[in-house]
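Coordinate-derived values only; no laboratory data. Because the structure is predicted, anything quoted here is derived from the model rather than measured. Note that we place each Cβ from the backbone using ideal geometry, even for glycine, and neighbour counts take in every protein chain shown.
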Amino acid sequence: MNWGAWGEAGRATGFKDRGFSTLSTKDGIDALTTLLDHERVRTGVFAFEADSWFALLPSVLDSSFFAAMPRSAQGDAPASGGKVRAELAELPAEDRRKAMTVYLAEQIRVILGLSSASVDADVPLTNLGFDSLTALQLRNQLEADLALKIPATAVWTHPTPAALGDHLLEQLAL
């Protein structure tokens, strides 16, 4: 593994104060777990401040390489995150569940690279092809869009889009 700087212990603890991005210990351990689960080799893991790059080079947003990155990193959401959370809060309570289901289906479609296929809210994510890496991608996107801390296991403990959506709405407590 080619590790970037881990900023909570060791020699890189002062890097963040000097403007460098660093990995938290939790993110590093989560990445290691994912890499081991997928038997990845020759892999680099590092903190990446996407907003800086996208501000300097907005044309990179058109690249397929960045298509699966959380939208908040692509500049579509406020820096504080929570764009979708704010949109859900503006909806009447009876419309939130449907809006959450539509939102989750779109995120799942993007992560799995499904061009226009619909995502059935009651089909388990594992049946759609989710693995630990795609689950982590979804969790990161949800955290950015909902401004909500979500456990890495949420996708597995709430295995369908409908169940996950209900859980997220409960956690949002709108």
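Before moving on, here are some points about what is shown:
- Long-range amide H partners of PHE20 with built H, under 5 Å: none
- Label-to-label distance, ASN127 versus ASP17, with points set 7 angstrom from Cα along the beta-carbon direction: 5.4 nm.
- Along the stretch 98-105 the Karplus relation, 6.51 cos²θ - 1.76 cosθ + 1.60 evaluated at θ = phi - 60°, assigns HN-Hα couplings of 5, 4, 5, 5, 5, 4, 4, 4 Hz to successive residues, with x for each Gly and Pro.
- Multiplying the residue separation of ILE29 and VAL110 by 0.36 nm and removing their Cα-Cα distance gives an extension gain of 26.6 nm.
- Centroid-to-centroid separation of the stretch 119-142 and the stretch 83-104 [C-alpha atoms, Å]: 19
- For TRP3, residues with placed amide H under 5 Å, excluding near neighbours: VAL45
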